[in-house]
Amino acid sequence: MKKQIRHLIAACALALPLASFANEGGPALDKAPINIQDTESLQRGAQIFTNYCLSCHSAVSMRYNRLMDIGLSEQQIKDNLLPDGVKIGEPMKISMMAADAKNWLGAPPPDLSVVARSRGADWLYTYLRGFYRDDTRPTGWNNVVFDKVGMPHVFWQWQGDQVLKTVKGPHGEEHKLELVKAGTLTKLENGKAVTVDYDRRMADLTNFLVFMGEPAQVKRNQIGYVVLMFLGLLLLPLAYFLKKEYWKDVH
């Protein structure tokens, strides 16, 4: 149980479309639509993370003022994302004491500063959308990419209820998630699940977790583009005149 809890990640879990997962080779991972240049997506992901995930999971390598790198002003951070009594230059810590977390949960929830770098964006994106009902588990929930997960599905109201069904596929039996009860952000139309809003929110959260693993990458990429443009503008004329100098006797 302790080993499982140490590997848990933030749960703002929403929905998973009707995807199939083979018994052999582990579950297929959905491609995460990551774009760290999309500041609006990062801002939405930051709001989800700070308002929900940060209740239990810390991110001590991330400071609140780094959110200015994704286009938020200092005042916006203070008004919307900063907990009471916390300064904007402080790291993202939680108020729950480690001793209390151990007594209540068996082990402190893991820090999520670099979870995207250790797990990968596709794993996180699928995990956050992959909870399903499992009455054999203490929490009543399980996950398709983290079997016997110890964390409950804290946002099941958004998603509704998914169940895991076994169906016959071209390569034998396959596990398939099916939405049987819609949540506030899902729909069931003609027996089919519509999860666009869930997918978008989970993409935003995953995008932010990727950013949080290396906050400097946004500015580094921006600086890299400027440097490449500068070198291109500088070296292109030099290369042209050098070519003319070398080939003038030939022509």
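The values are calculated or read from the model by the stated rules, or taken from the named source; none is laboratory data. If you're wondering where the values come from, they're calculated on a predicted model, not measured in any experiment. Cβ atoms come from the backbone with ideal geometry, glycine included; neighbour counts cover every protein chain shown. These accessible areas exclude ligands, DNA and RNA; they are computed on the full protein's heavy atoms, side chains included. Shrake-Rupley method; radii C 1.70, N 1.55, O 1.52, S 1.80 Å.
What's the local net charge at C53, with K and R +1, D and E -1, over the other residues with C-beta under 14 Å away? Charge balance in the 14 Å sphere: +1. This structure gives Cα extents along the principal axes in Å, computed directly, and of (i) 83, 56, 35; (ii) 65, 55, 28; (iii) 84, 47, 25 that value is listed as (i). Amide hydrogen proximity for K181: with H placed 1.01 Å from N in the peptide plane, the residues at 5 or more positions away or on another chain lying under 5 Å are D161. With a/c under 1.5 counting as rounded, go ahead and sort segment 86-156 into rounded, prolate or oblate using the C-alpha gyration tensor (a ≥ b ≥ c being the square roots of the eigenvalues; past the cut-off, prolate if a/b is larger than b/c, else oblate). Note, shape of segment 86-156 comes out oblate.
Ligands, DNA and RNA excluded, the heavy atoms of E173 present near 110 Å² of accessible surface to a 1.4 Å solvent probe. Couplings 3J(HN,Hα) of segment 151-161, computed from phi: 8, x, 8, 6, 10, 5, 5, 6, 7, x, 10 Hz, in residue order, whole Hz [Karplus 6.51 cos²θ - 1.76 cosθ + 1.60, θ = phi - 60°; x for Gly and Pro]. The Stokes-Einstein estimate for segment 62-119, based on a Kirkwood radius over Cα pairs and taken at 20 °C with 1.002 mPa s viscosity, is a diffusion coefficient of 163 µm²/s. By the gyration tensor of its Cα atoms, with a ≥ b ≥ c the square roots of the eigenvalues, what is the shape of segment 166-205: rounded for a/c under 1.5, prolate for a/b over b/c, or oblate? Verdict is oblate for segment 166-205. Heavy-atom accessible area for L128, with the other protein chains in place and a 1.4 Å probe, reaches approximately 0 Å². Taking all C-alpha pairs of segment 106-147, those more than 12 Å from each other amount to 66 percent.
Averaging 1/r across all pairs of distinct Cα atoms in segment 181-230 and inverting the result yields a Kirkwood radius of 13.7 Å. E74 sits with roughly 80 Å² accessible to a 1.4 Å probe, with DNA, RNA and ligands left out of the calculation.
Split the accessible area of the chain by element, probe 1.4 Å, and carbon with sulfur accounts for 55%. Applying a threshold of 32 Å to the alpha-carbon distances of K78/K219; K148/K181; K102/K176; K102/K187 flags K102/K176; K102/K187 as lying beyond it. Look at the Cα gyration tensor of segment 23-156: its axes a ≥ b ≥ c give a/c of at least 1.5 with a/b at or below b/c, and that counts as oblate.
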